[in-house]
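**Student:** One structure, pasted below without further comment.
Bear in mind that the values in this text are calculations on the coordinates, not laboratory data. Fair warning: this is a prediction, and the values are worked out from it, not measured in the lab. Using ideal geometry, Cβ is built from the backbone for each residue, glycine included, and neighbour counts are taken over all protein chains shown.
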There are 2 protein chains.
Amino acid sequence: MSAPDPDRALPDPSKLSLNTATVKTQWTLAQAIEGCARQGIRGIAPWRDKLAEMGLKQAVMAIKANGLTVTGLCRGGFFTARNWLDDNRRAIEEAHALGAQCLVLVVGGLPEGSKDLIRARERVKESISMILPEARKAGVPLAIEPLHPMQAAERACINTLEQALDVCDVLGEGIGVAVDVYHVWWDPKLQQQIERAGKKRILAYHICDWLVPTRDLLNDRGMMGDGVIDLPRIRGWVEGSGYSGFHEAEIFSELNWWQRDPDEVLATLKQRHRDCT
Amino acid sequence: MSAPDPDRALPDPSKLSLNTATVKTQWTLAQAIEGCARQGIRGIAPWRDKLAEMGLKQAVMAIKANGLTVTGLCRGGFFTARNWLDDNRRAIEEAHALGAQCLVLVVGGLPEGSKDLIRARERVKESISMILPEARKAGVPLAIEPLHPMQAAERACINTLEQALDVCDVLGEGIGVAVDVYHVWWDPKLQQQIERAGKKRILAYHICDWLVPTRDLLNDRGMMGDGVIDLPRIRGWVEGSGYSGFHEAEIFSELNWWQRDPDEVLATLKQRHRDCT
């Protein structure tokens with residue numbers, strides 16, 4: 001990891017949030033909640049498979065008891081799946097019950113056998129417009145997460161912040177974006193589009209790092225400070241645009257962090273959040 | 001591979017060109033030239049390492065003797081390397097000697113130890129402006145190749161067609177882009193930016209396919225028809241914009257095509273060019 005820049009404006013340590021995917025192979029959701037409480041991490045973003053395993057009511061109680069903020073629920077979306085409508089309705093209900101600051105949408109890629117990216121993108125827009133009224137009614141903001149272009153075929157056909165914001169502009173209120181540095185750090189229009197998004201549209205800010213080399217297209221993200229993303233600069237843009245929410249650490253790391261003691265992972269998150277972001 | 005659409009406008013088979021990287025583990029440049037001649041492929045795009053190995057004069061003679069068109073020389077660029085200026089000058093001379101339709105620029109990523117993508121991009125623009133007068137004088141068009149965002153750190157910090165065209169607009173005459181479907185297929189602004197580029201700026205068109213799943217960030221490209229890129233649609237946009245040049249097949253494929261008999265590879269290129277692009 002590179003030396004921190006001593007002159008940068010420091011991040012507020014109370015704004016660190018744990019996306020539980022970061023310790024998904026080691027901990028249940030109950031353990032992750034306890035871990036955050038034990039280590040003084042004030043935000044948490046659960047995934048729905050772990051939420052189902054724990055039970056929604058239990059999770060709501062444990063999160064409340066520990067005074068954690070739910071910075072997002074992962075995830076709705078995958079609008080190309082067969083049961084997408086029911087599944088997204090359930091996700092909205094769960095996000096409401098958790099008091100989540102947003103429901104993160106990973107919108108899905110190309111339908112099986114299709115090469116029609118334009119149609120897939122239209123379908124995503126139509127599908128979001130169908131669930132948006134329910135999300136508004138439930139008070140659950142929907143956060144489109146543009147994913148890295150290398151995941152366009154399989155996971156999400158919304159691949160830049162500009163594209164996501166164009167969709168938001170069409171759809172109106174109650175929808176915004178999750179800005180994950182891993183997916184957008186390379187974008188020559190990043191600063192411009194973060195400014196465009198502003199406080200109104202940025203619903204979540206996710207951090208990790210881009211490793212050189214990257215050994216896998218999905219599960220080789222780096223801990224903050226171990227890669228090449230200029231995290232202080234991007235945080236400067238995001239906070240400069242008016243966003244004052246949490247910094248959610250989300251690290252899919254098959255070869256490294258998923259192999260480690262989860263308390264060590266959380267301690268490292270805290271140190272790197274302070275020193276490298 | 002999926003069934004070809006019988007209604008599409010067929011590609012002109014005489015426009016297929018072989019980027020020699022497609023058979024780089026199997027053949028020398030001399031063998032690739034003979035292979036193209038033997039199989040009736042009319043265009044070739046050599047790489048400079050193989051060119052040096054064969055000798056520039058020998059290569060010029062062999063290419064001329066076989067009546068091949070040099071659709072591009074790969075590559076100049078890497079402006080973050082120490083010897084970039086001399087190296088790019090030599091590349092321009094070689095491209096001139098070969099009568100290449102363009103010198104492809106892979107511009108380089110982040111300098112060692114740097115996270116400053118904005119500065120890297122500025123440096124690329126400055127560097128190109130320094131070699132452009134020599135390229136114009138030599139009659140060698142420079143083709144900026146935007147690379148896929150997953151290669152931003154290591155190989156090229158120009159990552160979209162829009163960004164490349166913005167650089168061209170600043171630099172003026174004698175410069176354009178190489179449109180490689182592998183790098184740009186995902187881009188929501190692809191059609192718009194191809195139209196913007198038009199005949200004036202599109203200097204080369206490269207084809208291959210995006211495999212699902214993709215197992216490596218660099219060397220797991222697919223043969224046309226084996227992946228999810230809508231090749232007929234993109235060719236329609238490119239030719240609709242006025243481009244009437246070659247379709248250069250460039251397939252980095254460590255696990256598949258680099259393992260095969262190169263004559264079989266060329267035969268497959270011809271068949272797939274006809275049936276899937």
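**Student:** Please express the shape of chain B as an equivalent ellipsoid: the semi-axes are the square roots of 5 times the eigenvalues of the C-alpha gyration tensor, given largest first in whole angstrom.
**Tutor:** Working: eigenvalues 139, 101, 67 Å².
That gives 26, 22, 18 Å for the three semi-axes.
**Student:** Which translational diffusion coefficient, to the nearest whole µm²/s, is obtained for the stretch A:85-186 from the Stokes-Einstein equation, given a Kirkwood hydrodynamic radius over C-alpha pairs, 4 °C and 1.567 mPa s? Could you put the intermediate results ahead of the total?
**Tutor:** On the way: Rh = 13.8 Å.
Taking Rh from Cα pairs, D becomes 94 µm²/s.
**Student:** Equivalent-ellipsoid semi-axes (√(5λ), Cα gyration tensor) for the stretch B:137-189, whole Å, largest first? Don't skip to the end; give the middle numbers.
**Tutor:** Details: eigenvalues 86, 27, 20 Å².
Semi-axis lengths for the stretch B:137-189 are 21, 12, 10 Å.
**Student:** So, one more: State, to one decimal in nm and shortest first, how far the label point of residue B:25 sits from each corresponding label point in the other identical copies (label point: 7 angstrom along Cα-to-Cβ).
**Tutor:** Relative to the other copies, residue B:25 has label-point distances of 2.8 nm.
**Student:** Less than 16 Å apart at the alpha-carbon level, and either on another chain or at least 8 residues along: which lysines does that give for residue A:189?
**Tutor:** Partners found: B:189.
**Student:** Calculate the tail of P(r) for the stretch B:1-61: the fraction of all Cα-Cα distances greater than 17 Å, expressed in %. Don't jump to the answer; show the numbers that get you there.
**Tutor:** Values: 865 of 1830 pairs.
Roughly 47 percent, rounded to a whole number.
**Student:** Further question: Under 37 °C and 0.692 mPa s, how fast does the stretch A:30-133 diffuse according to Stokes-Einstein, given a Kirkwood radius computed over C-alpha pairs? Answer in µm²/s, whole number. Don't skip to the end; give the middle numbers.
**Tutor:** Details: Rh = 14.8 Å.
Using the Kirkwood radius from Cα pairs, D works out to 222 µm²/s.
**Student:** In whole percent, what relative contact order does the stretch A:31-156 give with Cα contacts below 8 Å and a gap of six or more residues?
**Tutor:** In percent, rounded to a whole number, it is 24.
**Student:** What's the longest uninterrupted piece of chain A once you rule out the GluC sites (Glu not before Pro) that are loop residues per DSSP with at most 12 other Cβ within 10 Å? Walk me through the numbers on the way to the answer.
**Tutor:** On the way: sites that count: A:112, A:173.
Between the exposed loop sites, the longest stretch runs A:1-111.
**Student:** Related question: Once the cut-off is 17 Å, how many percent of the Cα-Cα pairs in the stretch B:234-277 end up in the long-distance tail? The partial results should precede the final answer.
**Tutor:** Values: 411 of 946 pairs.
Across the stretch B:234-277, Cα pairs with separations above 17 Å total 43 percent.
**Student:** Right, another one. In units of 2.2 N^0.38 Å, what is the alpha-carbon radius of gyration of the protein assembly as shown?
**Tutor:** Values: Rg = 24.8 Å, N = 554, 2.2 N^0.38 = 24.3 Å.
Working it through for the protein assembly as shown, the quotient is 1.02.
**Student:** Excluding residues on the same chain fewer than 8 positions from residue B:57, give the aspartates and glutamates whose Cα lies under 13 Å from its Cα.
**Tutor:** Answer for residue B:57, where 13 Å is the Cα cut-off: B:93, B:94, listed by chain and number.
**Student:** Could you tell me which of B:92, B:40, B:176 has its Cα farthest along the dipole of chain B towards the positive end, charges placed at Cβ (Lys, Arg +1; Asp, Glu -1), taken about the Cα centre?
**Tutor:** Farthest along the dipole direction, towards plus: B:92.
**Student:** Would you grab the residues whose amide H sits under 5 Å from the one on residue A:107? Only those 5+ places off in sequence or on another chain, please, with H modelled 1.01 Å from N.
**Tutor:** Placed amide hydrogens put A:78, A:145, A:157, A:158 under 5 Å from residue A:107.
**Student:** How crowded by other chains is B:219-228, given as the mean number of beta carbons from other chains within 10 Å of each beta carbon?
**Tutor:** On the way: counts 0, 1, 0, 0, 0, 0, 0, 0, 2, 10.
The per-residue average across the peptide is 1.
**Student:** While we're on this one: From the label point of residue B:67, set 7 Å from Cα along Cα→Cβ, how far away are the matching label points in the other copies, in nm, ordered shortest to longest?
**Tutor:** 8.4
**Student:** What share of all Cα pairs of the stretch B:186-251, in percent, falls into each consecutive 5 Å distance bin?
**Tutor:** Histogram of Cα-Cα distances, whole percents per bin: 4, 17, 24, 23, 18, 10, 3, 0.
**Student:** Can I ask one more? What do you get when you divide the Cα radius of gyration of the stretch B:173-212 by 2.2 N^0.38 Å, with N the number of residues? Let's see the in-between values first.
**Tutor:** Values: Rg = 10.9 Å, N = 40, 2.2 N^0.38 = 8.9 Å.
The value comes to 1.22.
**Student:** Going by amide H atoms built from the backbone, whose H comes under 5 Å of the H on residue B:75, apart from near neighbours?
**Tutor:** So residue B:75 has HN proximity to B:48.
**Student:** With +1 on each Lys and Arg Cβ and -1 on each Asp and Glu Cβ, and nothing else charged, work out how big the dipole of the stretch B:103-208 is about its Cα centre, in Debye to the nearest 20. Walk me through the intermediate numbers first.
**Tutor:** Working: 13 positive and 14 negative charges, 39 e Å.
Taking the Cα centre of the stretch B:103-208 as origin, the dipole is about 180 debye.
**Student:** Under the definition of Cα pairs under 8 Å and six or more residues apart, what whole-number percent is the relative contact order of chain A?
**Tutor:** 21 percent
**Student:** Over all alpha-carbon pairs of the stretch A:144-226, lay out the pair-distance distribution in 10 Å bins, whole %, shortest bin first.
**Tutor:** Going out from 0 Å in 10 Å bins, the stretch A:144-226 shows 18, 50, 27, 5 percent.
**Student:** Run through the other copies and list how far each one's label point is from that of residue A:213, in nm with one decimal, shortest first; the point sits 7 Å from Cα along Cα-Cβ.
**Tutor:** Taking the point 7 Å beyond Cα along Cα→Cβ, the inter-copy spacings are 1.7 nm.
**Student:** What whole-number distance in Å separates the alpha-carbon centres of the stretch B:216-277 and the stretch A:107-176?
**Tutor:** 29 Å
**Student:** When only Cα pairs under 8 Å and 6 or more residues apart are kept, what is the percent relative contact order across the stretch B:134-277?
**Tutor:** On the way: 230 pairs, mean separation 29.5, N = 144.
In percent, rounded to a whole number, it is 21.
**Student:** Still on this structure: Can you return the lysines within cross-link range of residue B:64? Criterion is Cα-Cα under 20 Å, with same-chain partners fewer than 8 residues away left out.
**Tutor:** Cα-Cα hits under 20 Å: B:15, B:50.
**Student:** Here's another thing I want to ask about it. Could you give the Stokes-Einstein D for the stretch B:94-141 in µm² per second, using the C-alpha Kirkwood radius, 37 °C, 0.692 mPa s?
**Tutor:** Working: Rh = 12.2 Å.
Using the Kirkwood radius from Cα pairs, D works out to 270 µm²/s.
**Student:** Sum -39500 (n - 2.57) across every DSSP H segment of at least 4 residues in chain A, then divide by the residue count to get the 222 nm mean residue ellipticity, nearest 500. Walk me through the numbers on the way to the answer.
**Tutor:** On the way: 10 runs with 117 residues, N = 277.
Roughly -13000 deg cm²/dmol at 222 nm, from the helical runs in chain A.
**Student:** Taking the Cα atoms of the stretch B:161-276, what is the range of coordinates along each of the three principal axes, in descending order and whole Å?
**Tutor:** Reported extents, whole Å, longest axis first: 43, 27, 23.
**Student:** Would you please name the trypsin sites (Lys or Arg not before Pro) within the stretch A:198-251 that are DSSP coil residues with at most 11 other C-beta atoms within 10 Å of their C-beta?
**Tutor:** Numbers: sites: A:199, A:200, A:201, A:215, A:221, A:233, A:235; in loops: A:215, A:221.
Those that pass, being in a loop and sparsely packed, are A:215.
**Student:** Let me ask something additional. Quick query: amide H of residue A:17 versus all other amide H atoms, modeled in the peptide plane; which residues come in under 5 Å with a sequence gap of 5 or more or a different chain?
**Tutor:** For residue A:17, whose amide H was placed from the backbone, the distant partners under 5 Å are A:247, A:248, A:249.
**Student:** To the nearest 20 debye, what is the magnitude of the charge dipole of chain B about its Cα centre, counting +1 on the Cβ of each Lys and Arg and -1 on the Cβ of each Asp and Glu? Each step should come with its number before you reach the end.
**Tutor:** Details: 34 positive and 37 negative charges, 119 e Å.
That gives a dipole near 580 debye.
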